[in-house]
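Worksheet for the structure shown next.
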Amino acid sequence: MEYNFREIEKKWQAKWKETGLYKTEIDNNRPKYYVLDMFPYPSGAGLHVGHPLGYIASDIYARYKRQKGFNVLHPMGYDAFGLPAEQYAIQTGQHPAITTEQNVNRYREQLDKLGFSFDWDRSFKTSDPDYYKWTQWTFIQMFNSYYCNQANQARPISELAEAFAANGTEGLDVAQTKPLEFTAGEWNAASEKEKQEILMNYRLAYLADSWVNWCPKLGTVLANDEVVNGLSVRGGYPVERKLMKQWILRVSAYAERLLQGLDKVEWTDSLKEIQRNWIGRSEGAAVWFPLANPEKPDWKKIYMGCYEGVKNEMAFEIFTTRPDTIFGVTFMVLCPEHEMIETITTPEQKAEVEAYVTWAKNRSERERQAEVKKVSGVFTGAFAINPITEERIPIWVSDYVLSDYGTGAIMAVPAHDSRDFAFARHFNLPIRQVVAPAIDEVSNPDTWEESMDSKTGVCVNSGFITGMPVKEAGKAVIAKINDMGIGYGTVNYRLRDAIFSRQRYWGEPFPIYYKDGMPYTVPENELPVVLPEVDQYLPTQTGEPPLARAKGWTWNGYPREYSTMPGFAGSSAYYLRYMDPKNDKELVSKEADEYWQNVDLYVGGAEHGTGHLIYARYWNKFLFDIGVSCKDEPFQKLINQGMIQGRSNFVYRIVGTNKFVSLNLRKEYETTPIHVDINIVNNDVLDIEAFRNWMPDFKDAEFILENGKYICGWEIEKMSKSKYNVQNPDDLVEKYGADTLRMYEMFLGPVEMAKPWDTNGIEGVSRFIRKFWKLYFDGEGNFSVSDDEPTKGEWKSLHKTIKKIEEDNERFSFNTAVSAFMICVNELQEAKCRKRAILEPLCILMSAYAPHITEELWSLLGHEESILKATYPTYNEQYMVEDEYLYPVSFNGKMRLKMSFPASFGPKDIEPKVLESADVQKWLDGKTPKKVIIVPKKIVNIVF
RNA sequence: GCGGAUGUGGCGUAAUGGUAGCCGCGCCAGACUUAGGAUCUGGUGGCGUAAGCCGUGGGGGUUCGAGUCCCCCCAUCCGCACCA
């Protein structure tokens with residue numbers, strides 16, 4: 001019987017579906033294992049060969065774990081809300097739900113062909129109201145929570161209101177937008193609206209004016225991770241800073257836990273490092289610098305009086321990571337957005353400062369970033385007092401200080417900070433050295449080429465900390481400012497709160513309505529708030545988001561929130577929902593959550609390092625705090641699949657002609673390389689006829705050949721339509737079958753590594769699969785497996801393979817596993833082995849990789865049940881025992897010859913025999929060995 | 001600039017500190033064929049007729065022994081980038 005993969009694959013895919021083979025239920029008698037692929041966004045282009053790489057790897061592992069006795073949850077669904085479908089809707093008027101549906105169907109069709117073991121009964125898409133109901137529900141819980149730094153968890157906002165009624169803000173230690181101070185009396189006397197405004201300062205989902213990334217072209221704000229180099233990730237449009245009222249998630253409250261949690265998960269170091277950088281923890285000090293009122297030169301009075309309750313009016317809070325350099329402060333810098341610029345600027349400087357601030361604020365993010373090295377700034381005319389040295393220092397404004405990190409104000413230490421140094425040099429401000437490698441190694445900063453940013457050394461010219469190592473000095477300064485009541489040691493994070501509003505149509509509506517200008521949540525029993533129909537997917541005339549177009553869309557007459565949620569809303573808790581996808585009472589039942597717990601293996605691309613993987617961790621930690629999820633980290637082990645790059649082919653056109661010269665002859669001509677469709681090139685040899693028919697321009701093309709062939713050049717590039725190097729999995733499944741494609745994708749190399757796609761290599765795997773098939777058939781092509789006792793060699797081949805495959809599966813080394821299968825099949829073919837005792841276990845081993853062919857063979861072997869239910873073979877060491885071992889004998893570490901000794905021989909038995917040998921004597925060349933190292937069953941090394 | 005990863009034949013890659021190049025592609029030779037972009041067999045790191053010598057980006061080091069561990073440098077890729 002010929003190996004007819006088309007028939008076999010179709011047959012078994014239908015059968016699996018019919019019998020519900022991959023349906024999963026809670027089973028307390030078996031341990032659970034949760035394998036998840038990152039939520040795909042179903043784009044219109046469908047899958048290319050790079051997409052399934054991770055799905056194949058996770059499917060192999062899921063199947064393997066099932067055969068090892070685990071109850072495996074392996075679901076799949078779609079991240080369906082998002083910009084592409086909506087942009088398409090704007091252009092064509094077609095409802096994004098329709099586009100999404102089509103794309104989902106296409107994805108499903110492509111996935112089905114690859115024979116994945118997904119439990120499709122658990123599937124959903126984020127745009128399903130049954131699903132986004134729980135996204136909205138979670139948002140309401142965040143709205144109704146604050147973060148308590150003492151308990152280190154989210155708590156109900158009602159507790160906070162009670163605390164305010166009893167004690168005001170006395171002793172408050174919570175995450176907040178800005179510090180507020182009021183008494184219980186003030187709270188109790190406040191109106192309902194005032195109370196709501198105060199609470200907004202603490203909610204985990206809050207509404208606030210903030211500087212956002214506004215993308216005019218997309219008509220929406222974007223999160224930080226959706227902007228790269230000042231351009232939107234989707235579409236690449238310019239982004240500007242804009243002050244807008246937005247929904248925001250207080251992700252920053254979880255910064256420390258997000259950082260600490262990284263130590264508990266098994267992710268790659270590089271991904272953990274990306275997250276650590278994104279969270280950006282820095283330890284330092286917050287210090288108040290009082291304003292030296294130029295009209296009252298007796299600043300000491302102000303200084304003495306300014307810390308009691310009048311901080312905001314009279315002083316700036318700065319953040320520094322180097323409190324040890326406080327004696328080197330020679331000026332201060334405020335960001336252009338700083339609130340106090342207006343009040344402190346002197347009349348003489350007013351015009352200049354205003355001009356600068358206007359210029360700086362109106363610059364696009366992109367311009368600002370492009371000109372980072374250009375120093376700009378302006379003097380306010382005002383002075384501050386260094387609270388430690390009591391010196392009077394000028395206050396400047398510059399855009400090198402960012403408004404949203406720290407407090408938007410810095411103490412500048414030009415001698416020891418490169419940016420302050422550049423600024424001081426540019427504006428001719430004093431530079432004072434306060435740190436040196438040693439106490440007597442002070443130099444003149446005027447002679448410096450750059451600042452001394454060194455984090456080691458000792459303090460000099462620094463009053464009471466002179467002579468201290470910098471680390472110690474920092475602590476001493478913090479202690480001092482604490483005593484003085486003008487500052488404290490603190491930690492700052494780069495991680496910002498996440499802007500959660502999008503002025504777009506195709507997303508989850510907020511469960512929010514407005515009364516008296518304040519937001520209120522829709523009652524939970526009215527969820528979901530279903531996305532309404534609109535006549536156009538564009539903003540209104542007055543610039544409101546598209547949802548404002550929906551007719552009669554109010555909550556009992558109150559206006560609703562017209563923004564929708566961003567893409568990450570729906571993808572932040574989907575893994576929990578898969579545990580219990582049909583539950584209409586809860587996001588996930590206690591029973592399901594406690595059984596499935598969290599994702600054991602998460603597979604996907606590294607591009608989600610700072611987006612999805614931060615938000616989902618935040619989201620899950622919140623759900624953990626409110627008791628919905630029993631694990632505070634959602635993804636225990638994570639594998640980043642490497643990108644599959646395209647391999648482009650080129651032809652070389654001689655400039656000004658329609659003549660093409662073969663690769664190795666092109667040096668003699670002036671040529672232009674032109675991308676050529678990889679489908680008309682085979683092993684870099686161009687199909688000339690196909691090329692002439694490819695495009696009208698090439699109809700009359702002429703060629704200069706080498707050895708009668710036209711050889712194309714090649715290059716590794718991103719896979720893209722315009723480069724004609726896209727390889728579509730459907731074509732390959734059609735030509736070689738899913739099992740071959742699955743094994744070939746694994747064979748390409750380690751899953752995590754980026755690698756080029758080279759279709760040529762698939763032939764080798766295809767040959768191997770057919771060879772494997774033939775092991776089960778006799779010369780006439782009849783299925784024929786004997787019950788004869790295998791030979792020693794056959795047993796060894798099998799057990800060697802069992803061991804190797806198991807080890808490789810456990811460490812996700814699927815490429816080496818495929819090659820182990822090849823070796824085994826080569827050996828069995830060599831031995832003409834057609835024995836059940838060998839071929840049955842081999843079939844099971846390979847079923848995770850090539851589920852269709854093995855299922856067919858399994859059934860031919862006479863089994864009724866699916867091979868998925870088969871018991872995984874156990875490795876038996878006894879088959880590996882050898883009587884003899886062939887020792888490599890090396891001289892000074894270089895292998896020269898081999899000698900065989902009984903496996904039972906120890907070093908004492910081997911050494912004399914080795915030294916006696918004529919070959920060894922020849923290599924010794926009369927010299928006496930200094931040492932003979934013998935590692936049993938490993939190596940003999942003679943040192944001379 | 002900071003951080004991370006990677007570097008091995010013509011190509012993809014393999015090697016618990018122990019025989020460098022397994023497996024596959026490609027290439028070469030042969031067999032079978034009307035034919036070959038089918039199948040099968042053998043060969044294939046470089047230099048050398050050979051014995052042999054040289055070889056894992058470069059340079060040091062640890063070790064009986066280093067592709068693997070340590071230090072310095074180079075190249076490529078990825079992430080962050082005025083984060084005080």
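The values are calculated or read from the model by the stated rules, or taken from the named source; none is laboratory data. Small disclaimer: the values here were computed from a predicted structure and weren't measured. Cβ placement follows ideal geometry from the backbone for every residue including glycine, while neighbour counts extend to all protein chains displayed.
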Can you tell me how many residues in segment A:599-623 are more than 16 Å from RNA strand B (Cβ to nearest atom), free of Cβ contacts under 8 Å to residues at least 60 places away in the same chain and either assigned to a strand (DSSP E or B) or out of contact with any Pro (no Cβ under 9 Å at 6 or more places or on another chain) (or both)? 0
On the given criteria, is A:LYS113 touching a residue at least 12 places away in the same chain (Cβ under 8 Å), among the basic types (Lys, Arg) and touching a strand residue (DSSP E or B) at 6+ places or on another chain (Cβ under 8 Å)? no
Among the residues of segment A:901-910, is there at least one that is in contact with a helix residue (DSSP H, G or I) (Cβ under 9 Å, 6 or more places away or on another chain), at negative phi and touching a residue at least 40 places away in the same chain (Cβ under 8 Å)? no
Picking from A:VAL228, A:VAL174, A:VAL221, A:VAL251, the residue that is surrounded by 14 or more Cβ atoms within 10 Å (Cβ to Cβ) and within 16 Å of RNA strand B (Cβ to nearest atom) would be A:VAL251
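Tell me, which residue of segment A:68-113 that is of a type in the set (Phe, Trp, Tyr) and not in a loop (DSSP other than H, G, I, E, B) is surrounded by the most Cβ atoms within 10 Å (Cβ to Cβ)? Even if it seems obvious, please write down each step before you answer.
Within segment A:68-113, the subset of a type in the set (Phe, Trp, Tyr) is A:70, A:78, A:81, A:88, A:107.
Next, only the ones that are not in a loop (DSSP other than H, G, I, E, B) stay: A:78, A:88, A:107.
Working: A:TYR78: 23, A:TYR88: 19, A:TYR107: 19.
Among those residues, the one meeting the criterion is A:TYR78.
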Counting just the residues of segment A:677-709 that are surrounded by fewer than 11 Cβ atoms within 10 Å (Cβ to Cβ) and at pLDDT below 85, which one comes out nearest to RNA strand B (Cβ to nearest atom)? A:ASN707
Out of (1) within 16 Å of RNA strand B (Cβ to nearest atom); (2) free of Cβ contacts under 8 Å to residues at least 24 places away in the same chain, the odd one out for A:LYS361 is which? (2)
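Which of the residues that make up segment A:42-57 are assigned to a loop (DSSP other than H, G, I, E, B) and at negative phi?
Selection gives A:PRO42, A:SER43, A:GLY44, A:ALA45, A:LEU47, A:HIS48, A:VAL49, A:GLY50, A:HIS51.
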Just to be sure I understand the filter: pairs with C-beta atoms under 8 Å, separated by 6 or more residues or on different chains, first member in segment A:412-428 and without any contact (Cβ under 8 Å) to a residue 12 or more places away in the chain and within 8 Å of RNA strand B (Cβ to nearest atom), second member in a helix (DSSP H, G or I) and hydrophobic (A, V, I, L, M, F, W, C). Which pairs pass? none
Residues in segment A:322-343: is at least one closer than 21 Å to A:ASN229 by Cα, touching a His at 6+ places or on another chain (Cβ under 9 Å) and within 11 Å of RNA strand B (Cβ to nearest atom)? no
Exception for A:PRO129 within (1) in contact (Cβ under 8 Å) with a residue 40 or more places away in the chain; (2) within 29 Å of A:ASP739 (Cβ to Cβ); (3) more than 23 Å from the chain's Cα centre (by Cα) falls at (2)
Which listed residue, of A:ARG276, A:ARG241, is of a type in the set (Lys, Arg), on the phi < 0 side of the Ramachandran plot and in contact with a Phe, Trp or Tyr (Cβ under 8 Å, 6 or more places away or on another chain): A:ARG241
Sole residue being surrounded by 21 or more Cβ atoms within 10 Å (Cβ to Cβ), among the charged types (D, E, K, R) and modelled with pLDDT of 95 or more, chosen from A:ASP600, A:ASP593: A:ASP593
One residue from A:ARG647, A:ARG549, A:ARG617, A:ARG560 being under 30 Å from A:GLU86 (Cα atoms), touching a strand residue (DSSP E or B) at 6+ places or on another chain (Cβ under 6 Å) and of a type in the set (D, E, K, R): A:ARG560
Could we say that A:LEU665 is more than 13 Å from RNA strand B (Cβ to nearest atom), more than 26 Å from A:MET822 (Cβ to Cβ) and either among the basic types (Lys, Arg) or surrounded by 14 or more Cβ atoms within 10 Å (Cβ to Cβ) (or both) here? yes
Scan segment A:364-413 residue by residue and report those that are farther than 30 Å from A:CYS215 by Cα and in a loop (DSSP other than H, G, I, E, B). A:ASN386, A:PRO387, A:ILE388, A:THR389, A:GLU390, A:GLU391, A:VAL413
Report yes if some residue within segment A:518-534 is farther than 22 Å from A:MET200 by Cβ and buried (at least 20 other Cβ atoms within 10 Å of the Cβ); otherwise report no. yes
Tell me which residues, restricted to segment A:624-650, are β-branched (Val, Ile, Thr), more than 21 Å from A:LYS32 (Cβ to Cβ) and assigned to a loop (DSSP other than H, G, I, E, B). A:ILE626
Would you pick out the residues in segment A:724-764 that are at pLDDT below 90 and of a type in the set (Gly, Ala, Ser)? A:ALA754, A:GLY761
Residue among A:GLU789, A:GLU794 that is modelled with pLDDT of 90 or more and in contact with a helix residue (DSSP H, G or I) (Cβ under 6 Å, 6 or more places away or on another chain): A:GLU794
With a cut-off of at least 1 residues that are more than 15 Å from RNA strand B (Cβ to nearest atom) and surrounded by 13 or more Cβ atoms within 10 Å (Cβ to Cβ), name the helices (runs of 4 or more DSSP H) lying wholly within segment A:838-944. A:851-860, A:907-916
Taking the stated definitions as given, is A:GLN141 under 27 Å from A:VAL530 (Cα atoms), assigned to a loop (DSSP other than H, G, I, E, B) and touching a helix residue (DSSP H, G or I) at 6+ places or on another chain (Cβ under 9 Å)? no
Evaluation of A:GLY781 against (1) more than 14 Å from RNA strand B (Cβ to nearest atom); (2) more than 23 Å from A:ARG63 (Cβ to Cβ) (one fails), failing number: (1)
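Could you please let me know if A:LYS23 is out of contact with any strand residue (DSSP E or B) (no Cβ under 7 Å at 6 or more places or on another chain), surrounded by fewer than 22 Cβ atoms within 10 Å (Cβ to Cβ) and in a helix (DSSP H, G or I)?
For A:LYS23, the condition - out of contact with any strand residue (DSSP E or B) (no Cβ under 7 Å at 6 or more places or on another chain), surrounded by fewer than 22 Cβ atoms within 10 Å (Cβ to Cβ) and in a helix (DSSP H, G or I) - is not met.
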Failed condition for A:LYS245, given (1) touching a residue at least 12 places away in the same chain (Cβ under 8 Å); (2) under 22 Å from A:GLU508 (Cβ atoms); (3) within 16 Å of RNA strand B (Cβ to nearest atom): (3)
Filtering segment A:532-591 down to residues that are acidic (Asp, Glu) and at positive phi yields none
